[in-house]
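Inspection log for the structure reproduced underneath, given as C-alpha cells.
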Amino acid sequence: MTDQTIRYGIIGTGMMGREHIRNIKLLPGCEVTALSDPSEAVRGDAFMTAGNRPTQFADHRELLASGTCDALVIASPNHTHVDVMRDVLATNLPVLVEKPVCTTRQDCAEVLALAAKRDAAVWVAMEYRYMPPVQRLLKELRAGTAGELKMMAIREHRFPFLKKVDDWNRFNVNTGGTMVEKCCHFFDLYRLLSGSEPTRVYCSGSMDVNFRDEAYDGARPDIIDNGFVIIDFANGTRAMLDLCMFAEGAYWQETITATGDVARLDAFIPGPARFSPHGQERFAEFAVSPRASKIERREVVHVDEKVLAAGDHHGSTFYQHEKFAAIVRKNGKHAQSDVEVSLEDGMKAVVMGLAAEESARTGLPVDLTQDDLFH
C-alpha cells in the first residue's frame, strides 16, 4: 500500500486514544476512519478531535468487521486489552497496542501465543523510547561516549494519575498496579539501555498522598503514588527508579541518566505544557559530563511545537507513529519482523512491574534468575 492512505481504527477513544488521533493527523497519508468505544460521550469527543467524521462503533468487534481500516490502535483501559487483543489478533491488521500489553503475566502470555500465528505487525506503544532527548541519549551511549555502562537512573516527579472513565485507573486490579501502568515505560528503557535482562527487582513504595480520601462504590483506591526501585541486570549494570506522583511542581518531569566509566549522560524532560505555570511548551535538554574534563556539555533538544502540542509525551507519540506507519506502508500485513517494540518486549516490562509490585507488598526482593522469560 505504498501510495495509499493508511486508514486507522482507534479502539478506546479516551484521553490516550485522542492523543493518538491528534498525532496520526500530523502524518501525511494517514487518517482516522473508525472509532470504537462503549461510551457514547467519550466516542463523541474523539469524533470531534478527528475532524473528518470517522465511522463510530460502540463495540470493537463491529469496527473489525466493518472493513474500514488498514491498521489499528488499541488505547482502551489496561484490563480490557486481553479481550480486545483476542479479537484483533484473529484479523490480519497491523496493530499498535498501548502499554501495558496486559495486566497479568498469564494474559500477556496468551496474547503472545495468539500473535505467534500471524504475520501482521504488533507494536507495543512504549512512547518514552521515542522522546527526542532519550533518542539523543541512546545515540551517545551507543557511540561509546559514556564508556562502559555501569549505572542507570530515572527520576520521574510528576502529577497524580488523571481522572479516567469510570475511574478505572484508581485500582490495581484494572491497571496492574502503578509499577505496571506507569513504570513499564522505564523498565523497557532499562532493558534497552543496558542490552541485558533483569536478575533481581527490589521496590519500596506505598500510597501516601494521592486519592486517600476517595471511594468508589465503597472501594478505596490502592495504587502506589511513590517509590524507589532497584534492579540488577545480568551483565552487571544496575538501575534505580525514583517515582513521585505528587511532585508536579518540579521543572523537569523526568531525568534519565546513564553513567559509564568515561562519562555520565543525562536527558532532562519537562512535563506537558498544560501542567506548566504558564501553559507553554518547554524544550528538553541533554548533557554529557566527562570524567576527564569535568566540564558538562549541555544542549537544548528542540522538538516541533506542533508535535509537542499533539500530546503529553514530549513528541514521542508522533515519532513512534512515524515508524509504525512506515512499516505498515512498506510491508502491509507482513511487517512483524520490522517492529521495534515487540510483544515480548511489552511482556517483559509488565513482568518487571509485577515483580516491583510484589516487592513493595512483601518488602523482599524478587529473584528473576530462574525466570524462563528472561534467561
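Could you say whether any residue in region 137-146 is touching a strand residue (DSSP E or B) at 6+ places or on another chain (Cβ under 6 Å), among the small types (Gly, Ala, Ser), surrounded by fewer than 22 Cβ atoms within 10 Å (Cβ to Cβ) and under 27 Å from residue 285 (Cβ atoms)?
no
When you look at residue 250, is it crowded, with 19+ Cβ neighbours inside 10 Å and either out of contact with any helix residue (DSSP H, G or I) (no Cβ under 9 Å at 6 or more places or on another chain) or farther than 16 Å from residue 361 by Cβ (or both), yes or no?
no
Scan region 271-280 and tell me whether some residue there is surrounded by fewer than 22 Cβ atoms within 10 Å (Cβ to Cβ), of a type in the set (Lys, Arg) and under 17 Å from residue 151 (Cβ atoms).
The answer is no; no qualifying residue exists.
Looking at (1) open to solvent by less than 40 Å² (accessible area, probe 1.4 Å); (2) of a type in the set (Val, Ile, Thr); (3) without any contact (Cβ under 8 Å) to a residue 24 or more places away in the chain, which is the only condition residue 328 fails?
(3)
Output the number of residues of region 99-134 satisfying the condition of being over 30 Å from residue 255 (Cα atoms) and either basic (Lys, Arg) or open to solvent by less than 30 Å² (accessible area, probe 1.4 Å) (or both).
Number satisfying all stated conditions: 6.
Only one of (1) open to solvent by 10 Å² or more (accessible area, probe 1.4 Å); (2) part of a helix (DSSP H, G or I) fails for residue 359. Which number is that?
Among (1) open to solvent by 10 Å² or more (accessible area, probe 1.4 Å); (2) part of a helix (DSSP H, G or I), residue 359 violates only (1).
Given the criteria in a loop (DSSP other than H, G, I, E, B) and in contact (Cβ under 8 Å) with a residue 12 or more places away in the chain, does residue 222 qualify?
Here the answer is yes, as residue 222 does meet what is asked.
Hey, can you tell me all the residues within region 135-183 that are farther than 28 Å from residue 251 by Cβ and of a type in the set (Phe, Trp, Tyr)?
Selection gives 168, 171.
Can we say residue 13 is touching a residue at least 12 places away in the same chain (Cβ under 8 Å) and closer than 28 Å to residue 274 by Cβ?
yes
If we keep just the residues of region 1-42 that are of a type in the set (D, E, K, R), touching an Asp or Glu at 6+ places or on another chain (Cβ under 8 Å) and open to solvent by 30 Å² or more (accessible area, probe 1.4 Å), which is nearest to residue 330 (Cα to Cα)?
Of everything passing the filter in region 1-42, 7 is nearest to residue 330 (Cα to Cα).
Restricting attention to region 192-211, which residues are under 23 Å from residue 128 (Cα atoms) and without any contact (Cβ under 8 Å) to a residue 60 or more places away in the chain?
Across region 192-211, the qualifying residues are 194, 195, 196.
Looking at the structure I just gave you, is residue 193 surrounded by fewer than 18 Cβ atoms within 10 Å (Cβ to Cβ) and touching a helix residue (DSSP H, G or I) at 6+ places or on another chain (Cβ under 9 Å)?
no
Which residues, counting only those in region 281-321, are open to solvent by 50 Å² or more (accessible area, probe 1.4 Å) and within 16 Å of the chain's Cα centre (by Cα)?
Initially, region 281-321 is screened for residues open to solvent by 50 Å² or more (accessible area, probe 1.4 Å), giving 281, 283, 291-300, 302, 304-306, 309, 319.
Selection gives 319 alone.
Looking at region 315-329, can you tell me whether even one residue there is in contact with a strand residue (DSSP E or B) (Cβ under 7 Å, 6 or more places away or on another chain) and part of a strand (DSSP E or B)?
no
The values are calculated or read from the model by the stated rules, or taken from the named source; none is laboratory data. Values in this document were obtained by computation on a predicted structure and should not be read as measured data. No Cβ is skipped: glycine too gets one built from the backbone with ideal geometry, and neighbour counts run over all protein chains shown. Areas reflect the complete protein model, heavy atoms only, side chains present, ligands, DNA and RNA absent. Shrake-Rupley method; radii C 1.70, N 1.55, O 1.52, S 1.80 Å.
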